[in-house]
Amino acid sequence: MEVCQYEIVQSETAGDCSAGDVQGAEAIVLSDDGMHIAAFWALLLCGYNLNEKFDPIYVMENIIPFFDGSFNYEIVDKEEWIHGEFQHAYYNPEANKIVIRSDVYEGALAGNAMDIITITHEVVHCIEYLILTFLNVIKCVDYKTEICKVDSEAMKRHELQTDKITTLLLSTDRLVAGKTDKEIYNCYFANPLKQFITGLIQQEGKHLLETFKDIKCIEESEKKEASECIV
């Protein structure tokens, strides 16, 4: 699984998107298979099946906070929006927050396709952040991270990846196109789960081995002390 994540780290206090406020951020860039797997598990963990319509606002307001208590979002009135005409929403990984212009939020609620896509894109960024956090915590799946900066190749790849996962979540037929039920099960469920469990066993196995070594050292030390006492 190849990995590269995060969009733009913006200064919340400065309140603008100028280059001076943008820093590098840890990023996750997935392979094509990884993007499909990420989209499948995102649907699964958000409570959707392949025949249900993905609702980014519901996920943002209910599902993500369930998995991540530090996550938050903000709806900013259109008249107070200071991020320019062409940026309608953004995800700030530093604050772990999605910020959306009010008319875009209302448009998505009303079913406007472009507004739904815009919010889904930011929700996907947050899901990718959760994946990265999970991988860092578990440390049992092979992956690599990069520091992405604005206009860098890594950032461009990351944005293309986010667009791809957004498309897969909103058009789930692309997830299963050309695949039998058995292939869907193996590609998206069985094989990733097997990889995860194997990695977890390998990681925990190292800890168990170190624990056994420590126990053995303690036992040998106690035997030595007991022998010296007898003498």
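The values are calculated or read from the model by the stated rules, or taken from the named source; none is laboratory data. Since the structure is predicted, the reported quantities are computational estimates derived from the model, not experimental observations. Note that each Cβ is placed from the backbone with ideal geometry, even for glycine, and that neighbours are counted across all protein chains shown.
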TODO: Would you check if there is a residue in the range 115-124 being loosely packed, with under 14 Cβ neighbours inside 10 Å, modelled with pLDDT of 90 or more, in the same structural domain as residue 38 (by TED's automatic domain parsing) and more than 18 Å from the chain's Cα centre (by Cα)?
DONE: no
- [ ] Inspect the range 51-59 for any residue being assigned by TED's automatic domain parsing to the domain that holds residue 129, at pLDDT below 90 and not in a helix (DSSP H, G or I) and give the result as yes or no.
- [x] yes
- [ ] Please tell me if residue 73 is crowded, with 20+ Cβ neighbours inside 10 Å, at pLDDT 90 or above and not hydrophobic (A, V, I, L, M, F, W, C).
- [x] yes
TODO: Need at least 1 residues that are within 30 Å of residue 36 (Cα to Cα), modelled with pLDDT of 60 or more and among the hydroxyl-bearing types (Ser, Thr, Tyr) per element, so show me which helices (runs of 4 or more DSSP H) inside the range 168-231 make the cut, counting only ones lying wholly within it.
DONE: 191-230
TODO: Keeping to the range 92-131, report how many residues are of a type in the set (D, E, K, R) and over 15 Å from residue 65 (Cα atoms).
DONE: 5
